[in-house]
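One structure is given below, encoded as structure tokens.
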Amino acid sequence: MNEFEWKEEFSNTIEELGVPDNWDLHVDMNLVKQKTGLIYTQQTFGSFRCSRCARSWNSSKVSVFFIINLNKRLRSGTVKMRIFKQGCERCTHPEEMIPTVTSDNIERVVCNLVHKIQRKFYGVNDQYQHQKPKIYGPLEGLHNKERCEACRDGVCKQMLSCEYEQNGEQRVYEQIREQRVIEQNRQQREYEQIRQQRVYEQNRQQREYEQIRKQREYEQNREKRESAAPAALSVMGLVVGVAAMALMYFANK
């Protein structure tokens, strides 16, 4: 985790938005809920890499936990933050890994945080719209709360209504799966139609070829018959002539 980048982005955003008083951000990877301070949680997108098997995965359920305090007398504000780890699903006893969060998602989380400070501590109402994280790369299946540090600590939003969230995600997953099945069946039907069309076209071409072949054979046979007819007539004429000469010969005798 790049702690310096989070602190620098926080200081820059505080300055850009003109937030009064002095504010500091501290990273505490053991931070837990406390009785004092404003609790604020966000979820962002992060990437993980297992130190045991080197498997990589992405998650849009990376929980970031903040406890915000302002000392009005000293005009000093403090934000403590913790970013929660996740464990590899492949390993039996995985080491929980700290996510890598991109700079633009750090910027979005910090911007949401500073606007929260303005609203809660200074009464600012600027119609700011909460920025959602940018998603990079594919997401694998449902959120695994058993391998999520924030879920076990009761911080992850999945734990607020776990059954509802799981059922909701399951319904979405089932809808996607059913849509994929429908799409596969549609593609299969289109393939079958194309295949049948090709078979029909091949049979049609075969029938046309057979008709042309038979027509050619018929034409060849007709030409043979026509060429044989004059020869037959010539032979017949020769035979008749010889017979006539023979009759005349015997008649003169």
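Among the DSSP beta bridges whose two residues both lie in the chain, what percent are antiparallel, rounded to the nearest 5?
The answer is about 80 percent antiparallel.
Report the accessible area of Glu226, computed with a 1.4 Å probe over the heavy atoms of all protein chains in place, in Å² rounded to the nearest 10.
Accessible area, nearest 10 Å²: 100 Å².
What ranking do 125-136, 56-67, 71-82 get when scored by the average of other Cβ atoms within 10 Å per residue, highest first?
Order by mean packing, descending: 56-67, 71-82, 125-136.
Hey, any idea what % of region 1-159's accessible area is carbon plus sulfur with a 1.4 Å probe?
That share works out to 44 percent.
Using a Förster distance of 25 angstrom, determine the FRET efficiency expected from the C-beta separation of Glu190 and Lys134, and round it to 0.05.
Efficiency at R0 = 25 Å is approximately 0.10.
Could you pull out every one of the aspartates and glutamates with an alpha carbon less than 13 Å from that of Lys132, ignoring same-chain neighbours closer than 8 positions?
Straight-distance partners of Lys132: Asp104, Glu107.
By how many degrees, between 0 and 90 and to the nearest 10, does the Cα long axis of helix 3-16 differ from the longest principal axis of the chain?
Approximately 80 degrees, to the nearest 10.
Leaving out ligands and nucleic acids, and using a 1.4 Å probe, what accessible area per residue does the chain come to in Å²?
69
Given a cut-off of 26 Å, name the pairs among Lys7/Lys120; Lys35/Lys85; Lys120/Lys145 whose C-alpha atoms lie farther apart than that in the structure shown.
Lys120/Lys145
Going toward the positive end of the dipole of the chain, with +1 on Lys and Arg Cβ and -1 on Asp and Glu Cβ, which of Met245, Val27, Gln43 do you reach last?
Ranked along the dipole, the leading option is Met245.
Among Cys148, Cys111, Cys53, which one moves the most in a GNM of the chain with springs linking Cα atoms closer than 10 Å?
The residue that fluctuates most here is Cys53.
The values are calculated or read from the model by the stated rules, or taken from the named source; none is laboratory data. For clarity, every value in this text was computed on a predicted model and none was experimentally measured. Reconstructed Cβ throughout: ideal geometry from the backbone, glycine too, with neighbour counts over all protein chains shown. When the accessible area is computed, the model is the full protein with side chains, heavy atoms only, and any ligands, DNA or RNA have been set aside. Shrake-Rupley method; radii C 1.70, N 1.55, O 1.52, S 1.80 Å.
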